[in-house]
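The values are calculated or read from the model by the stated rules, or taken from the named source; none is laboratory data. The model shown is predicted, which means the values in this text are computed figures rather than measured ones. Every residue, glycine among them, receives a Cβ derived from its backbone with ideal geometry; neighbour counts consider all protein chains shown.
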Amino acid sequence: MIAVVRAGSDADAVAGGGRSRNNQTDGKMKALLIQLSESKENSLWGYGLVVDVFGKRNGREVKVTLWNRHPPQEEWGGPAAYYKNIAIPLSIGAQMIAHGDVGAKGVVPPETALDPGIFFGELRRRSIEIHERVEEYQAIP
């Protein structure tokens with residue numbers, strides 16, 4: 001938001017002036033963001049999130065590892081593509097709320113509020129893949 005205001009926008013252009021947003025507003029916002037030097041610089045490309053979960057499944061010790069993958073920078077919008085990894089999941093969550101797909105109220109962890117089938121499906125539709133590896137452990141007798 002601060003970057004958009006610095007680029008010469010005002011609160012009405014960003015928020016849509018209380019009206020529903022449309023493609024024209026989206027286009028204006030994209031044009032403003034592309035003008036920013038921060039949108040043209042990216043010394044680091046690649047974003048990875050790895051989650052390890054330890055527990056028991058059917059009485060056996062397991063480790064489940066989840067990680068994400070995204071398209072190469074050249075295929076995903078150039079130097080500013082890194083920011084898609086931040087914005088896309090947030091946008092999906094907001095859209096799920098707007099569409100009534102989130103029934104939880106108040107401050108709740110996303111894993112209890114969001115339907116993972118919808119959320120991961122929307123990530124996949126936007127070319128963010130989630131991978132899973134399951135490892136089972138047992139003591140050697």
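Listed here are the residues, each with its yes/no results for (1) surrounded by 13 or more Cβ atoms within 10 Å (Cβ to Cβ); (2) basic (Lys, Arg); (3) more than 30 Å from Ser37 (Cβ to Cβ).
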{"site": "Trp67", "(1), (2), (3)": "yes, no, yes"}
{"site": "Glu74", "(1), (2), (3)": "no, no, no"}
{"site": "Lys84", "(1), (2), (3)": "yes, yes, no"}
{"site": "Gly100", "(1), (2), (3)": "no, no, yes"}
{"site": "Asp115", "(1), (2), (3)": "no, no, yes"}
{"site": "Arg133", "(1), (2), (3)": "no, yes, yes"}
{"site": "Glu136", "(1), (2), (3)": "no, no, yes"}
Practice problem: For the stretch 13-30, state whether one or more residues are within 29 Å of Val134 (Cβ to Cβ), at pLDDT 60 or above, among the aliphatic types (A, V, I, L, M) and out of contact with any Pro (no Cβ under 7 Å at 6 or more places or on another chain). | Solution: no
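Please return the ranges of helices (runs of 4 or more DSSP H) entirely within the stretch 51-133 where 2 or more residues are within 15 Å of the chain's Cα centre (by Cα) and in contact (Cβ under 8 Å) with a residue 24 or more places away in the chain.
Values: elements: 84-98, 110-113, 116-125.
Helices (runs of 4 or more DSSP H) meeting the threshold: 84-98, 116-125.
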Practice problem: For the stretch 32-50, indicate whether the set of residues that are surrounded by 13 or more Cβ atoms within 10 Å (Cβ to Cβ), under 18 Å from the mean Cα position of the chain (by Cα), modelled with pLDDT of 75 or more and in a loop (DSSP other than H, G, I, E, B) is non-empty. | Solution: no
